[in-house]
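**Student:** Please read through the structure below; I'll follow up with questions.
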Amino acid sequence: MNKIKLGLVLSLAALLGACSFGKNTVNVEEVKKVKKVAVIMYTVPEDISYKSDVRDNQKSSLQLLADLATGNTGKQAANTSVKTFTEELQKQGLPFEVMSYSEVASNPKYAALYKPVKKIEKKANEGILGAALSFLGSATDNSPPPATSPKNMSNFGLVAAWSGDTALTNKPGESAYITAAMEALKVDAVMVVNSSGYSFSCEACVGLGSTMNGAASTGAAFNASLISRAGPIMNIREWFGTTDEQAAMVAGIVDPTEYENLFKEHGRRMAQVYADAVKESLQAK
């Protein structure tokens, strides 16, 4: 009996170690050479929706049905969060300077590198039932959802899984874009953020059809890779379940008038989590 219990404990410990915590890899010597960094990619899901666990790519049927009424919020999330992310990073006492979002966005050479994602032809309108069935069919699909990015910031899609060790997708053109952006912005390294788990979260969840409100915030499971002319030199894989900002949520849907505050706080929280992980990684070496 004791052996069985011990086996269960060890199995649980192994499972938690495999899926519950972030992972950080760093080339300390190369990071020490970096003086100035620019955030050049910040990729999030096209639709920011409710998830009970930001680290999980799959959602329940109830969550998927609730998503039908959420709407396309990814572009707003990316535009808002990336600004507060970079602003907050500048306050975190990192070992390198972070270029402001406005400096990056207003650089004409960097702006000229932008290429919009080729739009995929969408299926004909199937109605609510057809859309619901389509969503339900994707519940077991492990491929990343459609992605979006801030205005005029190139988007190469989401990583296949947060559990990987990089924010890079290795899609055609990605490496060339990174190199060209580094030269255009005249920085020592660039940061690529890929938040496959960017989602609403619910601290007081309510069921579909309920008139009660829940306290909502946002959470993320993200990878942030730092790339210098030597190649990738640091990857931070971290997550947070909720932010400090809260808003009314009904049936898994957040009040749209609260999106901006939620997304601003999301960027700040992500920067704090990222900075803490960077400092811890560098101290450990």
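The values are calculated or read from the model by the stated rules, or taken from the named source; none is laboratory data. Note that this is a predicted model, so its numbers are computed, not measured. Cβ coordinates were reconstructed from backbone atoms using ideal geometry, including for glycine residues, and neighbour counts include every protein chain displayed.
**Student:** Could you check, for region 167-187, whether at least one of its residues is in contact with a Gly (Cβ under 6 Å, 6 or more places away or on another chain), within 20 Å of Asp56 (Cα to Cα), at pLDDT below 90 and part of a loop (DSSP other than H, G, I, E, B)? Can you show your working first?
**Tutor:** So in region 167-187, the residues in contact with a Gly (Cβ under 6 Å, 6 or more places away or on another chain) come out as 169.
Keeping just the survivors that are within 20 Å of Asp56 (Cα to Cα) gives 169.
Applying the additional criterion that residues be at pLDDT below 90 yields none.
No, because not a single residue in region 167-187 is in contact with a Gly (Cβ under 6 Å, 6 or more places away or on another chain), within 20 Å of Asp56 (Cα to Cα), at pLDDT below 90 and part of a loop (DSSP other than H, G, I, E, B).
**Student:** Now, a different point. Taking the stated definitions as given, is Val54 in a loop (DSSP other than H, G, I, E, B), out of contact with any helix residue (DSSP H, G or I) (no Cβ under 7 Å at 6 or more places or on another chain), crowded, with 19+ Cβ neighbours inside 10 Å and at pLDDT 95 or above? Before you say what the answer is, go through the steps one by one.
**Tutor:** On the way: in a loop (DSSP other than H, G, I, E, B): yes; out of contact with any helix residue (DSSP H, G or I) (no Cβ under 7 Å at 6 or more places or on another chain): yes; crowded, with 19+ Cβ neighbours inside 10 Å: yes; at pLDDT 95 or above: no.
So Val54 does not fit the description; no.
**Student:** Take the residues in region 188-216 that are in a strand (DSSP E or B) and at pLDDT 95 or above, then tell me which one is nearest to Pro144 (Cα to Cα). Can you show your working first?
**Tutor:** Filtering region 188-216 down to residues in a strand (DSSP E or B) leaves 189-194, 199-202, 214-216.
Within this subset, residues satisfying the condition of being at pLDDT 95 or above are 189-194.
Working: Ala189: 27, Val190: 24, Met191: 21, Val192: 17, Val193: 15, Asn194: 11 Å.
Looking at residues that are in a strand (DSSP E or B) and at pLDDT 95 or above, I get Asn194.
Rundown of residues vs (1) at pLDDT below 80; (2) over 19 Å from Tyr198 (Cα atoms); (3) in a loop (DSSP other than H, G, I, E, B), yes/no style:
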| residue | (1), (2), (3) |
| --- | --- |
| Gly7 | yes, yes, no |
| Ala13 | yes, yes, no |
| Ala18 | yes, yes, no |
| Val34 | no, yes, yes |
| Val44 | no, no, no |
| Ile48 | no, no, yes |
| Thr80 | no, no, no |
| Glu103 | no, yes, no |
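**Student:** Please state which one of Ala160, Ala184 is more than 15 Å from the chain's Cα centre (by Cα) and over 23 Å from Glu29 (Cβ atoms).
**Tutor:** On the way: Ala160 fails: more than 15 Å from the chain's Cα centre (by Cα).
Ala184 is the lone residue from the list that is more than 15 Å from the chain's Cα centre (by Cα) and over 23 Å from Glu29 (Cβ atoms).
**Student:** Scan region 170-197 residue by residue and report those that are of a type outside the set (A, V, I, L, M) and under 24 Å from Thr218 (Cα atoms). Give the steps one after another, and end with the answer.
**Tutor:** Step one: of region 170-197, the residues of a type outside the set (A, V, I, L, M) are 170-175, 177, 179, 183, 186, 188, 194-197.
Of everything in region 170-197, those that are of a type outside the set (A, V, I, L, M) and under 24 Å from Thr218 (Cα atoms) turn out to be Asn194, Ser195, Ser196, Gly197.
**Student:** Can you give me the number of residues within region 57-78 that are in a loop (DSSP other than H, G, I, E, B) and either of a type outside the set (S, T, N, Q) or modelled with pLDDT of 85 or more (or both)?
**Tutor:** Here is the first cut: in region 57-78, the ones in a loop (DSSP other than H, G, I, E, B) are 57-60, 68-73.
Subset that is either of a type outside the set (S, T, N, Q) or modelled with pLDDT of 85 or more (or both): 59, 68-69, 71, 73.
Number satisfying all stated conditions: 5.
**Student:** Considering only region 232-279, state which residues are outside any strand (DSSP E or B), polar (S, T, N, Q) and in contact (Cβ under 8 Å) with a residue 40 or more places away in the chain. First the steps, then the outcome.
**Tutor:** Within region 232-279, the first condition is being outside any strand (DSSP E or B), and the residues that meet it are 241-246, 251-252, 255-279.
Filter once more, so that each one left must be polar (S, T, N, Q): 242-243, 246, 257, 261, 272.
Of everything in region 232-279, those that are outside any strand (DSSP E or B), polar (S, T, N, Q) and in contact (Cβ under 8 Å) with a residue 40 or more places away in the chain turn out to be Thr242, Gln246, Gln272.
**Student:** A follow-up question, please. Could you go through region 239-254 and let me know if any residue there is in contact with a helix residue (DSSP H, G or I) (Cβ under 7 Å, 6 or more places away or on another chain) and within 21 Å of Val159 (Cα to Cα).
**Tutor:** Within region 239-254, one or more residues are in contact with a helix residue (DSSP H, G or I) (Cβ under 7 Å, 6 or more places away or on another chain) and within 21 Å of Val159 (Cα to Cα).
**Student:** Of everything in region 20-32, what is of a type in the set (Lys, Arg) and either crowded, with 18+ Cβ neighbours inside 10 Å or at pLDDT 80 or above (or both)? Give them in sequence order.
**Tutor:** Step one: filter region 20-32 for residues of a type in the set (Lys, Arg), giving 23, 32.
Correct list: Lys32 only.
**Student:** Could you tell me whether any residue of region 110-122 is of a type outside the set (Gly, Ala, Ser), under 29 Å from Val31 (Cβ atoms), at pLDDT 85 or above and not in a loop (DSSP other than H, G, I, E, B)?
**Tutor:** yes
**Student:** I've got another one for you. Sort out which residues of region 96-117 are surrounded by fewer than 14 Cβ atoms within 10 Å (Cβ to Cβ) and touching a helix residue (DSSP H, G or I) at 6+ places or on another chain (Cβ under 7 Å), and write them in order of number.
**Tutor:** Across region 96-117, the qualifying residue is only Lys109.
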